[in-house]
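The values are calculated or read from the model by the stated rules, or taken from the named source; none is laboratory data. Predicted, not measured: the structure shown is a model, and the values here were computed from it. Positions of Cβ are backbone-derived with ideal geometry, glycine not excepted, and every protein chain shown enters the neighbour counts.
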């Protein structure tokens, strides 16, 4: 299975994960400051800043894009409960 | 019962603006969380410009007729060109569906974050709604006057905004600078003593969002102000700037120490969780740059602990497991934290147990639910901790302290380890 490295720069932790895992499945377990609300892509609480490798996350869905727009989030921001890891990426709380 | 007579027509508050809200003197509990000893008001306003009439917010649904009666006393529905919604909570949008029926030509002005709420509220398709999302720098012209918008989110919902009528130096502030206080005399220089209500409202509604309050004050303080028109309580025309200063005082951190602060709270039935707590305290205290404190929950009241937690950087909670659960004083403390901002603080849990030991995981889940981060896995010890286990507790405390002071080395983990 393809592997990828996810770095949480707010806590200096890098986790090697199987491709396809969502950020939400990793960040809470290692104690990153990314916070969660609804956990289903609606509330925007888990907005995160993608510092490196944004092309290595799954493309945002129509609904995620809508929430990002409503939160006036730029191209370097994603919802941690939605984004799947496809390659190496560095993230931090927004 | 109330001894005051409430006027049933619109009340002028400035040259172009009328108050068209509603009085609710008999309300005794608001949104389940606030007591309202003399009721509240739902403040809505009407602005008359040369090229149209704007409605600023509406009222709770059951007071809609009162609102429409006041509106009709100063304007016709076909004159309404726009409706500004500074906050979409139902006590301010209850009359909106009916208002849109009576003034279908009106355009809605809302914040960007309010868009999904508006659709949820009106249960209408996007195409059926005429609305414009606005933010700081946007404005709408009413001919001889202009409404300017200010993006002030989380005061106290994500959607909240303020609207400024520059020609009258009048700020429609939404819930900010509001309070639950019902007095027919309406203006702050005429009504009874509402200082307690003002501070109580802040403590329960705005306190969790102090950072956002300070951001909003930075936007609003440069404005010339003759009058603040909030959505609840008295209209502030006497020394309005005093209320901004008071909000700044209430929202500015009291903490003077430069070190990070870690608070350890525990409760112990047989002294085992207490032993763990003190070992964690010792371990955490070995790290410089961190002020560590330890408290037995049996010896204190919840409220001052909430004040301490608000300004701490991390909390550690120790509880035994009794009947498969953490004990009540721990849950009482956790359920009292909704009034403070916890996002990003470090949290951790530990405890001694006799049989199943579920409490630690439960507390960790709750801490995450409250948006704390839990960087060090919880520590559970069966019954009486050995010397070796107490050393593990010390290491646990040290790890937490190092994480909080960013002394922890860069870590590389595999998914299977977390």
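The single condition among (1) buried (at least 20 other Cβ atoms within 10 Å of the Cβ); (2) in contact with a strand residue (DSSP E or B) (Cβ under 6 Å, 6 or more places away or on another chain); (3) within 14 Å of chain A (Cβ to nearest Cβ) that residue B:412 does not meet is (1). Among the residues making up segment A:40-64, those that are in contact with a strand residue (DSSP E or B) (Cβ under 7 Å, 6 or more places away or on another chain) and either exposed (fewer than 13 other Cβ atoms within 10 Å of the Cβ) or assigned to a helix (DSSP H, G or I) (or both) are A:56, A:64.
Looking only at residues of segment A:8-38 that are more than 9 Å from chain B (Cβ to nearest Cβ) and under 21 Å from residue A:86 (Cβ atoms), we find that the one that is modelled with the lowest pLDDT is A:9.
Scanning segment B:363-408 for residues that are within 8 Å of chain A (Cβ to nearest Cβ) and on the phi < 0 side of the Ramachandran plot yields a count of 7. Can you find, within segment A:70-94, the residue that is nearest to residue A:27 (Cα to Cα) among those that are more than 14 Å from chain B (Cβ to nearest Cβ) and surrounded by fewer than 16 Cβ atoms within 10 Å (Cβ to Cβ)? Within segment A:70-94, the match that is nearest to residue A:27 (Cα to Cα) is A:87.
With respect to residue A:67, is the statement that it is touching a strand residue (DSSP E or B) at 6+ places or on another chain (Cβ under 6 Å) and either over 21 Å from residue B:158 (Cβ atoms) or facing chain B (nearest Cβ under 9 Å) (or both) true? In short, no. Just one of the numbered conditions (1) under 19 Å from residue B:210 (Cα atoms); (2) surrounded by fewer than 20 Cβ atoms within 10 Å (Cβ to Cβ); (3) in contact with a strand residue (DSSP E or B) (Cβ under 9 Å, 6 or more places away or on another chain) is not true of residue B:354: (1).
Of all the numbered requirements in (1) free of Cβ contacts under 8 Å to residues at least 40 places away in the same chain; (2) over 28 Å from residue B:31 (Cα atoms), residue B:328 misses one, and that requirement is (2). Among the strands (runs of 3 or more DSSP E) confined to segment B:30-136, the ones with at least 3 residues that are over 26 Å from the mean Cα position of the chain (by Cα), in contact (Cβ under 8 Å) with a residue 12 or more places away in the chain and in the same structural domain as residue B:174 (by TED's automatic domain parsing) are located at B:45-49, B:52-56, B:80-84. The set of residues from segment B:137-157 being away from chain A (no Cβ under 14 Å) and free of Cβ contacts under 8 Å to residues at least 24 places away in the same chain comprises B:139, B:146, B:148.
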